[in-house]
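Heads up: the structure comes next, in structure tokens.
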Amino acid sequence: MDMLQINNLVVEIDNRRILDGLTLHVGKGEVAAIMGPNGSGKSTLSYVIAGKEDYEVLDGEILLNGENILELEPDQRAAAGLFLAFQYPLEIPGVATMTFLKAALNAQRKARGEAELSTPDFIKRVNAAAAQLEVPKEMLKRGLNVGFSGGEKKRMEILQMALLQPSFCILDETDSGLDIDALQIVADGVNALRSPDRAFLVITHYQRLLNHIVPDTVHVLSNGKIVRTGGKELALELEASGYAEYRATAA
Ligand SMILES: Nc1ncnc2c1ncn2[C@@H]1O[C@H](COP(=O)(O)OP(=O)(O)O)[C@@H](O)[C@H]1O
Ligand SMILES: [Mg+2]
């Protein structure tokens, strides 16, 4: 059974249809890339999977490990192993990053019926993840994402992912705002988390990221549907030919 099964998903926002019968399956251990023109609904798809409100799901289902998650609240989806790295990470002034990370980790452990981590255990884990992602310790004392550069925010998202060890990770345009060095650090962080028990949905407009996080499958999103599926070579083909063939057509 595929870890993520999206069947015939129809989604509207403000009475505008954004996803229109989208079907996508991602197997355990798989890294699937979604590519598509700007405005094709890539972020909408990631938000709907994560459970952000404002989106009206008119039809279809999203199954994670066989369970329909559309009925779950966002925090319940996270406890079920879902993680979304945002295209535009939120800033939370007044909450030290370290405090936020500990609360997030322990909330998930609690939801799964696991014991809270002791502070020394937590600090050990954060420091290891921060070192790997080259996140300075000083950053962990600042408010979450407050004053972080685009690249620092992206590294912080991957640090959260490394700590939470989700089973299904969605990365929405993780490459935007990253210079080549930061891109490599982020990609190394993601690649280190690749495992037969974990799957990824890597959303990107550009092929560049997929040189660093090499996907097993590539799907093209256009006009609210997956219109093409292939292997990693499909990303190269899109890079060469552009999205002209897949541009939104007037509804
Ligand atoms: N909150 C919103 N209200 C109205 N339209 C929206 C909203 N969010 C997204 N859209 C529209 O939905 C379409 C898909 O957007 P999005 O999912 O962000 O695309 P992508 O991530 O592929 O660039 C766009 O036309 C966008 O303008
Ligand atoms: Mg987007």
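The values are calculated or read from the model by the stated rules, or taken from the named source; none is laboratory data. Everything numeric here is computed off the predicted structure, so don't read it as measured data. Methodologically, a virtual Cβ is constructed for each residue, glycine included, from the backbone with ideal geometry; neighbour enumeration extends over all protein chains shown. Note: accessible area is taken over every heavy atom of the protein model, side chains too, but ligands, DNA and RNA are not part of it. Shrake-Rupley method; radii C 1.70, N 1.55, O 1.52, S 1.80 Å.
State all residues of segment 235-251 that are touching a residue at least 24 places away in the same chain (Cβ under 8 Å) and either in a helix (DSSP H, G or I) or open to solvent by 90 Å² or more (accessible area, probe 1.4 Å) (or both); if no residue qualifies, say none.
Of everything in segment 235-251, those that are touching a residue at least 24 places away in the same chain (Cβ under 8 Å) and either in a helix (DSSP H, G or I) or open to solvent by 90 Å² or more (accessible area, probe 1.4 Å) (or both) turn out to be A235, L236, L238, E239, Y246, R247, T249, A251.
Taking the options Y88, Y55, name whichever one is open to solvent by 40 Å² or more (accessible area, probe 1.4 Å), within 16 Å of ligand 2 (Cβ to nearest atom) and closer than 30 Å to V126 by Cβ.
So the residue among Y88, Y55 that is open to solvent by 40 Å² or more (accessible area, probe 1.4 Å), within 16 Å of ligand 2 (Cβ to nearest atom) and closer than 30 Å to V126 by Cβ is Y88.
Each row is one residue, and each column tells you yes or no for (1) more than 14 Å from E30 (Cβ to Cβ); (2) in contact (Cβ under 8 Å) with a residue 60 or more places away in the chain; (3) touching a helix residue (DSSP H, G or I) at 6+ places or on another chain (Cβ under 8 Å).
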position: G177; (1), (2), (3): yes, no, yes
position: I180; (1), (2), (3): yes, no, no
position: L183; (1), (2), (3): yes, no, yes
position: H212; (1), (2), (3): yes, no, yes
position: S222; (1), (2), (3): yes, yes, yes
position: T229; (1), (2), (3): no, no, no
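Restricting attention to segment 104-111, does a residue exist that is open to solvent by less than 60 Å² (accessible area, probe 1.4 Å) and in contact with a strand residue (DSSP E or B) (Cβ under 6 Å, 6 or more places away or on another chain)?
No, segment 104-111 has no match at all.
Go through segment 35-51 and give me each residue that's more than 10 Å from ligand 2 (Cβ to nearest atom) and either under 13 Å from the mean Cα position of the chain (by Cα) or open to solvent by 10 Å² or more (accessible area, probe 1.4 Å) (or both).
Selection gives V48, I49, A50, G51.
What is the residue count in segment 153-174 for residues that are open to solvent by 10 Å² or more (accessible area, probe 1.4 Å) and assigned to a loop (DSSP other than H, G, I, E, B)?
Count: 3.
So if I check each of D54, D59, D20, which one is out of contact with any His (no Cβ under 7 Å at 6 or more places or on another chain), within 16 Å of ligand 1 (Cβ to nearest atom) and in a strand (DSSP E or B)?
The match here is D20.
For the condition under 17 Å from the mean Cα position of the chain (by Cα), of a type in the set (A, V, I, L, M, F, W, C) and not in a loop (DSSP other than H, G, I, E, B), what is the one hit in V227, V214, V218?
V218
Give me the residue from segment 190-230 that is β-branched (V, I, T) and open to solvent by less than 20 Å² (accessible area, probe 1.4 Å) and, out of that set, nearest to ligand 2 (Cβ to nearest atom).
I203
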